[in-house]
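Chemist: Sharing a structure here in structure tokens format.
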Amino acid sequence: MSMQRPTFTLGIEEEYLLVSRETRDLVAAPDALMADCQKVLKSRVSPEFLQCQIEVGTGVCKTIPQARAELAELRNTIAGIADGYGLAPLAVATHPFADWQHQNFTNKQRYEELARDLAGVARRMLICGMHVHIGIENEDLRIDLLGQMSYFLPHLLALSASSPFWQGRDTGLASYRLSVFDNLPRTGLPPMFNSYAEYKRAVDTLIGAGVIEDATKIWWDLRPSDRFPTLETRICDVTPRLDDAVAIAALVQSLAHMLYRLRLSNQRWRQYERFLINENRWQAQRHGVSGQLMDFGKAELVDYPRLLDELLALVADDAEQLGCSKEIAQLRNIAARGNSADRQRAVFKTAIDQGADEKEAMRSVIDSLIEETVSGLD
């Protein structure tokens, strides 16, 4: 029996931080704000783990332009409603100076259980990511692509990195968010499975033992979604500029399509040791697009922009078939001008050079993030 072609539909989830326009510090979302958002956006918006966070998710989108339009609508709506409360959303993975010890959990059973299960590490989860779902309906195909797509996770992280600062300090990392998230259990690169049945057995062992209630408590960088017939990429920081976020989602979709296309020709992407991919993950986390990643075939470090060029050549036909070539081309801009982490550091340095103190310079970073979150939403 031949395997049905996947739909390659898209869903994008983003998490935002809410800040006071006056102090630029984090603010717990008032119940009324949440109610106002849900009145307009219905199930496409929900509270997150901490009260200062808000999560949005698109519906099932057939194309990248459709996903972009919906994400623009979501950002616009939340920004407009938040403004009425003197607040603004930040599409950024960490707040530059907020203190995680001053944040409160959302009063929701799931989050209270998480706080209980995860003890101290849950308190530091003051981080926001972007998750990209790709519709791959066949379960075994989903697991087959899960193993191959892991290779590209560091490449995606480097583009999206937006968390250089933590509690008022420069961490030296492009994505500090990942360091925080890796404290949780069941995170990091997904293990290798030979079939959906093998994956299911492993998950059911944890569920049967009472360790987790369901597979939503598995937080790998890439996972088969428990709620949808999708492969869900979770490694990315949330990205302030909408065009960058959409371009990264287009790359995720194109990579999945490319791996499926290889399969139709009885080919596949070579699978490397997790140990090696983890090294690239660290390089991407540390340096973003301004560093190097290993090309395992050549066994050498390669500058990120050159690697990206090779990657985009690899998926060029796929992007064209999916109708997202224009968005994919945007990725070269990120590699050339730097990602959000690079821009945040530049804003901070400029402010310091102009005589600002560190607190004022951090506020300048927040101001740039408020602006970027809602820029280009037309």
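Chemist: Go through (1) buried (at least 16 other Cβ atoms within 10 Å of the Cβ); (2) among the charged types (D, E, K, R); (3) on the phi > 0 side of the Ramachandran plot one by one and return the number of the condition LYS42 breaks.
Modeler: Every condition holds for LYS42 apart from (1).
Chemist: Could you list, in sequence order, the residues of the stretch 208-230 that are of a type outside the set (A, V, I, L, M), in contact with a strand residue (DSSP E or B) (Cβ under 6 Å, 6 or more places away or on another chain) and within 19 Å of LEU157 (Cβ to Cβ)?
Modeler: Within the stretch 208-230, just ARG223 meets the criteria.
Chemist: Please count how many residues of the stretch 260-285 are crowded, with 18+ Cβ neighbours inside 10 Å and under 21 Å from the mean Cα position of the chain (by Cα). Reasoning before the result, please.
Modeler: Keep residues of the stretch 260-285 that are crowded, with 18+ Cβ neighbours inside 10 Å, which gives 260, 269, 277, 280-281, 283-285.
Of the ones still in play, those that are also under 21 Å from the mean Cα position of the chain (by Cα) are 277, 280-281, 283-285.
Qualifying residue count, the stretch 260-285: 6.
Chemist: With (1) in contact with a Gly (Cβ under 9 Å, 6 or more places away or on another chain); (2) surrounded by 15 or more Cβ atoms within 10 Å (Cβ to Cβ); (3) not hydroxyl-bearing (Ser, Thr, Tyr) as the list, and ASP303 as the residue in question, which single condition is left unmet?
Modeler: Of (1) in contact with a Gly (Cβ under 9 Å, 6 or more places away or on another chain); (2) surrounded by 15 or more Cβ atoms within 10 Å (Cβ to Cβ); (3) not hydroxyl-bearing (Ser, Thr, Tyr), only one is false for ASP303: (2).
Chemist: In the stretch 336-348, what residues are in contact with a strand residue (DSSP E or B) (Cβ under 9 Å, 6 or more places away or on another chain) and buried (at least 17 other Cβ atoms within 10 Å of the Cβ)? Steps first, please.
Modeler: Initial filter on the stretch 336-348 (in contact with a strand residue (DSSP E or B) (Cβ under 9 Å, 6 or more places away or on another chain)): 339-341, 344-345, 348.
Those that are in contact with a strand residue (DSSP E or B) (Cβ under 9 Å, 6 or more places away or on another chain) and buried (at least 17 other Cβ atoms within 10 Å of the Cβ): ASN339, SER340, ALA341, GLN344, PHE348.
Chemist: Next up: Would you point out the residue of the stretch 325-357, among those that are without any contact (Cβ under 8 Å) to a residue 40 or more places away in the chain and hydroxyl-bearing (Ser, Thr, Tyr), that is farthest from VAL246 (Cα to Cα)?
Modeler: If we take residues in the stretch 325-357 being without any contact (Cβ under 8 Å) to a residue 40 or more places away in the chain and hydroxyl-bearing (Ser, Thr, Tyr), then THR350 is farthest from VAL246 (Cα to Cα).
Chemist: Go through the stretch 30-53 and report how many residues are outside any loop (DSSP other than H, G, I, E, B), of a type outside the set (Gly, Ala, Ser) and either out of contact with any Leu (no Cβ under 9 Å at 6 or more places or on another chain) or under 23 Å from ASP99 (Cα atoms) (or both). Break it down into steps so the answer makes sense when it comes.
Modeler: First pass over the stretch 30-53, keeping only residues outside any loop (DSSP other than H, G, I, E, B): 31-47, 50, 53.
Then keep just the ones that are of a type outside the set (Gly, Ala, Ser); that gives 31, 33-34, 36-42, 44-45, 47, 50, 53.
Imposing the further condition that a residue be either out of contact with any Leu (no Cβ under 9 Å at 6 or more places or on another chain) or under 23 Å from ASP99 (Cα atoms) (or both) reduces the set to 31, 33-34, 36-40, 42, 47, 50, 53.
Residues meeting the conditions: 12.
Chemist: Let me ask something else about it. Please state which of the following conditions PHE193 fails to meet, knowing it meets all the rest: (1) closer than 27 Å to THR373 by Cα; (2) surrounded by 15 or more Cβ atoms within 10 Å (Cβ to Cβ).
Modeler: In the conditions (1) closer than 27 Å to THR373 by Cα; (2) surrounded by 15 or more Cβ atoms within 10 Å (Cβ to Cβ), PHE193 misses (1) alone.
Chemist: Quick check on my filter: what residues within the stretch 1-29 are in a loop (DSSP other than H, G, I, E, B), at negative phi, surrounded by 14 or more Cβ atoms within 10 Å (Cβ to Cβ) and of a type outside the set (D, E, K, R)?
Modeler: Passing the criteria: PRO6, THR7, THR9, VAL27, ALA28, ALA29.
Chemist: List pairs: first residue in the stretch 358-378 and free of Cβ contacts under 8 Å to residues at least 12 places away in the same chain, second residue surrounded by fewer than 21 Cβ atoms within 10 Å (Cβ to Cβ) anywhere in the structure, Cβ distance under 7 angstrom, at least six positions apart or on different chains.
Modeler: GLU360/ALA351
Chemist: Next up: Using the structure shown, decide if GLN271 is assigned to a helix (DSSP H, G or I), in contact with a helix residue (DSSP H, G or I) (Cβ under 8 Å, 6 or more places away or on another chain) and of a type outside the set (Asp, Glu).
Modeler: It is false that GLN271 is assigned to a helix (DSSP H, G or I), in contact with a helix residue (DSSP H, G or I) (Cβ under 8 Å, 6 or more places away or on another chain) and of a type outside the set (Asp, Glu).
Chemist: If you don't mind, another one. If we scan the stretch 217-231, do we find a residue that is surrounded by fewer than 21 Cβ atoms within 10 Å (Cβ to Cβ) and part of a helix (DSSP H, G or I)?
Modeler: In the first step, residues of the stretch 217-231 are kept if they are surrounded by fewer than 21 Cβ atoms within 10 Å (Cβ to Cβ); the result is 217-220, 225-229.
Then drop every residue that is not part of a helix (DSSP H, G or I), which leaves 217.
Within the stretch 217-231, one or more residues are surrounded by fewer than 21 Cβ atoms within 10 Å (Cβ to Cβ) and part of a helix (DSSP H, G or I).
Chemist: Just one of (1) at pLDDT 95 or above; (2) out of contact with any strand residue (DSSP E or B) (no Cβ under 7 Å at 6 or more places or on another chain) trips up ASN183, so point out which.
Modeler: That leaves (1) as the condition not met.
Chemist: Return yes or no: is SER150 of a type in the set (S, T, N, Q), touching an Asp or Glu at 6+ places or on another chain (Cβ under 8 Å) and assigned to a helix (DSSP H, G or I)? Explain how you work it out, then say what you get.
Modeler: Working: of a type in the set (S, T, N, Q): yes; touching an Asp or Glu at 6+ places or on another chain (Cβ under 8 Å): yes; assigned to a helix (DSSP H, G or I): yes.
Against the criterion (of a type in the set (S, T, N, Q), touching an Asp or Glu at 6+ places or on another chain (Cβ under 8 Å) and assigned to a helix (DSSP H, G or I)), SER150 qualifies.
The values are calculated or read from the model by the stated rules, or taken from the named source; none is laboratory data. Computed from a predicted model, the values in this text were never measured in an experiment. Glycine also receives a Cβ, built like all others from the backbone with ideal geometry; neighbour counts cover every protein chain displayed.
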